[in-house]
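Have a look at the structure below, then the notes.
Read-outs throughout are calculated quantities, based only on the coordinates presented, and are distinct from any laboratory measurement. On a predicted model such as this, the values are computed, not experimentally measured, just so you know. No Cβ is skipped: glycine too gets one built from the backbone with ideal geometry, and neighbour counts run over all protein chains shown.
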Amino acid sequence: MKKLIISSLLLAGSALPLQADNSASKHFVLVTTHQNDIGEICPEMNAGQTLSFDFKSNNEVEFNLHYHEGEKVSYPIEPHKVTSLQQSFEAPIKQTYCLMWKGLSEEPAKIKLNYQILPKQETAIKTISEAIPIYQPQAEYPEEAMKNNIEGQVVFLLDIAPSGKATNIRVLHESPKDIFTDVSIKAVSKWMFKPKIIDRKPVEQTDMLYTMNYKLD
């Protein structure tokens with residue numbers, strides 16, 4: 001069985017694998033195989049890099065993607081018959097990975113391949129600090145409620161703007177109804193916070209839950 005190894009158009013005839021590269025350069029390759037002949041493209045990849053490729057053949061070929069670990073051969077894409085394919089593969093380890101085609105007919109198979117090796121996607125680490133209250137004036141106890149010894153509670157949500165101002169105040173629960181709501185909203189609208197910070201930039205923080213309890217000593 002004949003074996004033809006092609007690295008790229010620029011390296012035609014070389015049996016060396018392409019070296020691992022963090023660039024995303026595109027490669028365009030023409031591979032020709034005859035019946036029972038094999039054509040291979042074998043780029044070297046680092047763990048986490050992605051091989052993105054597509055190819056078209058004028059005749060049906062048997063295709064697979066494989067790599068070697070000692071005597072063990074692993075097939076991320078098992079051998080199967082195709083005339084075209086578009087797919088991506090992420091390398092689990094630093095290794096040489098081979099795209100392989102086997103000719104199946106007497107007429108030569110001409111395979112047009114486009115591929116590129118994409119760099120490993122790093123997860124950005126964000127520095128986050130939550131909002132901190134710096135000014136929270138208390139609500140005034142309603143005079144009528146005080147005279148009638150009425151105690152109560154108001155539960156509400158608010159957002160904190162990048163400026164640190166409390167905004168979008170929404171009452172979720174009030175007990176008793178319509179006694180402590182207005183004074184609560186009036187007080188909360190004056191609250192100020194050191195805003196939430198992500199990567200040194202102030203951002204909005206939403207749906208902060210607070211409870212105001214009104215009790216008489």
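One Cα centroid belongs to region 27-91, the other to region 138-204; the line between them spans 63 Å.
For the chain, the residue among 132, 68, 116 whose Cα projects farthest onto the positive side of the dipole built from Cβ charges is 116.
Label region 128-214 by shape, choosing from rounded, prolate and oblate, from the square roots a ≥ b ≥ c of the eigenvalues of the Cα gyration tensor; if a/c is under 1.5 it is rounded, and otherwise prolate applies when a/b is larger than b/c, oblate when it is not. Note, shape of region 128-214 comes out prolate. When shorter helices are ignored and each DSSP H run of at least 4 residues is given -39500 (n - 2.57), the per-residue value for the chain at 222 nm works out to -1500 deg cm²/dmol. If you plug the beta carbon distance of residue 114 and residue 74 into 1/(1 + (r/R0)^6) with R0 = 30 Å, you get a FRET efficiency near 0.80. Checking (i) 1.97; (ii) 1.12; (iii) 1.05 against the coordinates, the calculated Cα Rg over 2.2 N^0.38 Å falls under label (i). Other residues with beta-carbon under 13 Å from the beta-carbon of residue 150 carry, at +1 per Lys or Arg and -1 per Asp or Glu, a net charge of -2.
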